Amino acid sequence: MLRITKDFQFSASHRLDHLPDDHQCARLHGHNYTVQLELSVQSRDDLTRAGFVRDYGDLADFKKWLDSELDHRHLNDVISGRNPSAENLAMWIYELWSERFSEISAVRVSETPKTWAEYRP
């Protein structure tokens, strides 16, 4: 298997439901998020003619979407029907973008430099 990854950043606020009132994540707060897209193919026969899993330049539309839809937004208002945890955000992004980029094999979301959530179907 051959894999590539690319990191993207955005800043946003959220508040998580279904937590005790004194839990810090139940209060309105924000993060400087990192989203990592992982794209993969099974073998070298699946690479593009140039030898890529996918050209990194093809991911520019994802960055534009991230900037317009998530950056400096309140995620509770953007991700309808889901508690905007890092886990749910990773699944939501995968569901939205896997049709456009069939090579997406995982989406990772970081809220802090030490924490990551990963969705890998």
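Would it be correct to say that R108 is closer than 14 Å to F8 by Cβ and charged (D, E, K, R)? Even if it seems obvious, please write down each step before you answer.
Numbers: closer than 14 Å to F8 by Cβ: yes; charged (D, E, K, R): yes.
So R108 passes the test.
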Worksheet item: more than 16 Å from A117 (Cα to Cα), in a loop (DSSP other than H, G, I, E, B), of a type in the set (S, T, N, Q) and free of Cβ contacts under 8 Å to residues at least 40 places away in the same chain - does that describe any residue in region 62-73?
Response: no
Discussion item. Considering only residues that are in contact with a strand residue (DSSP E or B) (Cβ under 7 Å, 6 or more places away or on another chain) and of a type in the set (A, V, I, L, M), which ones fall in region 48-103?
Written reply: V53, L59, L66, L70, L75, A86, L89, A90, M91, I93
Practice prompt. Taking only region 27-56 into account, find how many residues are surrounded by 12 or more Cβ atoms within 10 Å (Cβ to Cβ) and over 28 Å from D67 (Cβ atoms).
Written response: 2
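Looking only at residues that are of a type in the set (G, A, S) and more than 26 Å from L2 (Cβ to Cβ) in region 66-121, which one is modelled with the lowest pLDDT?
Let us first name the residues in region 66-121 that are of a type in the set (G, A, S), namely 68, 80-81, 85-86, 90, 98, 102, 105-106, 110, 117.
Now narrow it down to the ones that are more than 26 Å from L2 (Cβ to Cβ): 68, 80-81, 85-86.
Numbers: S68: 98, S80: 81, G81: 88, S85: 96, A86: 97.
It comes out as S80.
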Worksheet item: With S85, S98, S40 as the choices, which residue is of a type in the set (S, T, Y) and without any contact (Cβ under 8 Å) to a residue 24 or more places away in the chain?
Response: S98
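Output the residues belonging to region 46-61 that are assigned to a helix (DSSP H, G or I) and either on the phi > 0 side of the Ramachandran plot or modelled with pLDDT of 95 or more (or both). Show your work before the answer.
Quick first cut of region 46-61, residues assigned to a helix (DSSP H, G or I) only: 46, 56-61.
Selection gives Y56, G57, D58, L59, A60, D61.
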Worksheet item: Just to be sure, is M91 surrounded by fewer than 13 Cβ atoms within 10 Å (Cβ to Cβ) and of a type in the set (A, V, I, L, M)?
Response: no
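The values are calculated or read from the model by the stated rules, or taken from the named source; none is laboratory data. Please read all numbers here as calculations on a predicted model, not as lab measurements. Note that each Cβ is placed from the backbone with ideal geometry, even for glycine, and that neighbours are counted across all protein chains shown.
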